[in-house]
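The block underneath contains the structure these notes are about, expressed in structure tokens.
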Amino acid sequence: MSRLLDGLVALVTGAGHGIGRGHALELAKHGATVIVNDLGTTLDGTGSGKIADEVVAIITNRGGTAFPDFTDVGDENAVEQSVSRIYERHGRLDVVVNNAGIVRDKAIWNMSSEDFDLVMRVHVRGSWLLSRAVARRWRTEAKNNAGPVYGRIINTTSGAGLHGNFGQTNYSAAKSAIVGLTQTLSLELASIGATANVISPGGRTRMSASMPGAAPAIEPDEHGEDQFDPKDPSLGSPVVAWLASPQAGHVSGQVVRAMGENLQLLKGWHPVAAASNGGTRWDANKLGSIFATEIFGTRNAGLRLGG
């Protein structure tokens with residue numbers, strides 16, 4: 001098998017279970033040295049454990065190279081120290097896959113500000129802190145070398161961030177914010193040769209299994225590669241490996257949805273209907289019929305809205 005990532009060093013956050021675990025295994029399979037980051041918390045972000053060691057053992061037993069990391073991605077000082085340790089040990093950090101996340105689902109009238117803040121802290125602040133830490137180092141390298149660097153940031157969104165989901169105003173907001181973060185990163189990193197993209201994966205994970213009546217989670221190492229399960233959370237991991245590779249150096253600022261056997265390229269907000277006021281100020285009293293006919297296309301202009 002051709003290996004896409006020989007000689008590269010990759011950090012995957014939230015790599016103890018599910019989607020992140022699949023990414024770590026796939027990157028290692030393609031020759032990357034993988035830093036497996038996971039605090040080992042429960043799904044709501046409480047507690048701790050050594051699940052990263054388990055993933056490192058799987059990679060090592062398969063002939064790969066990996067190291068555990070137990071950094072809290074929402075802690076600024078801890079993130080800087082973690083990236084510094086990686087550079088001290090390996091001399092480089094080429095790929096960052098921001099996948100760490102927690103959920104605290106409640107309808108908004110039952111959700112506390114703590115529930116909101118903690119989810120945003122892990123998903124958004126964590127992705128931003130790690131992206132900033134490597135971007136600073138890559139920029140310094142580009143200046144010192146007077147040329148582009150090798151850098152890949154791959155962030156994680158979800159259907160909830162793209163389309164919304166009841167009971168997840170915190171999680172949906174976080175996953176939407178990550179798309180905006182990544183698109184801006186792609187603009188800022190372009191001058192130094194680095195890329196930033198978004199993956200929207202799926203599968204039966206701890207998060208999906210927490211929903212009422214949902215099937216249990218699947219760990220990516222449960223199946224052999226000759227078995228195809230459309231709910232395997234690692235099915236999007238080859239996309240991550242490709243985005244991390246030299247082959248994808250021309251791809252940046254993109255959102256790719258990888259669900260089962262299907263790949264989709266997603267685009268952001270764009271006009272689907274328009275109206276013009278002919279160079280005059282809008283009259284709020286007349287907007288009802290304009291929205292009805294020219295924007296929403298749902299009602300006859302002569303009907304009274306709400307009537």
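Observations, loosely collected:
- Pairs, first acidic (Asp, Glu) and part of a helix (DSSP H, G or I) in the range 78-96, second open to solvent by less than 50 Å² (accessible area, probe 1.4 Å) and at pLDDT 95 or above, C-beta under 6 Å, six or more apart: Glu80/Ala133
- With respect to the conditions (1) outside any loop (DSSP other than H, G, I, E, B); (2) small (Gly, Ala, Ser); (3) within 24 Å of Gly202 (Cα to Cα), Gly16 lacks only one, and its number is (1).
- Scanning the range 132-185 for residues that are over 20 Å from Gly202 (Cβ atoms) and outside any helix (DSSP H, G or I) turns up Ala146, Gly147, Pro148, Val149, Tyr150, Gly151, Arg152, Ile153.
- Members of the range 1-27 that are at pLDDT below 95, surrounded by 24 or more Cβ atoms within 10 Å (Cβ to Cβ) and of a type in the set (A, V, I, L, M): Ile19
- When every residue of the range 269-282 is checked against the conditions, none turns out to be open to solvent by less than 50 Å² (accessible area, probe 1.4 Å) and touching a strand residue (DSSP E or B) at 6+ places or on another chain (Cβ under 8 Å).
- Where Thr60 falls short, out of the listed (1) at pLDDT 95 or above; (2) buried (at least 19 other Cβ atoms within 10 Å of the Cβ); (3) assigned to a helix (DSSP H, G or I): (2)
- Thr46 over 19 Å from Ser237 (Cα atoms), touching a residue at least 60 places away in the same chain (Cβ under 8 Å) and open to solvent by 20 Å² or more (accessible area, probe 1.4 Å): no
- Pairs meeting the criteria (first residue in the range 177-203 and over 18 Å from Gly268 (Cα atoms), second residue part of a helix (DSSP H, G or I) and of a type in the set (Lys, Arg), beta carbons under 9 Å, at least 6 apart or on different chains) are Leu189/Arg139; Ser191/Arg139; Ile192/Arg139; Ile192/Lys143; Ala194/Arg139.
- Applying the set (1) under 22 Å from the mean Cα position of the chain (by Cα); (2) in the same structural domain as Ser131 (by the TED database) to Leu4 leaves exactly one unmet item: (2).
- Positions within the range 70-84 being hydrophobic (A, V, I, L, M, F, W, C) and open to solvent by less than 60 Å² (accessible area, probe 1.4 Å), in sequence order: Val73, Ala78, Val79, Val83
The values are calculated or read from the model by the stated rules, or taken from the named source; none is laboratory data. What you are looking at is a predicted structure, and each value in this text was computed from that prediction instead of being measured. Virtual Cβ from ideal backbone geometry, glycine too; neighbours counted across all protein chains shown. Remember, those area values only see protein heavy atoms, side chains included, never the ligands or the DNA or RNA. Shrake-Rupley method; radii C 1.70, N 1.55, O 1.52, S 1.80 Å.
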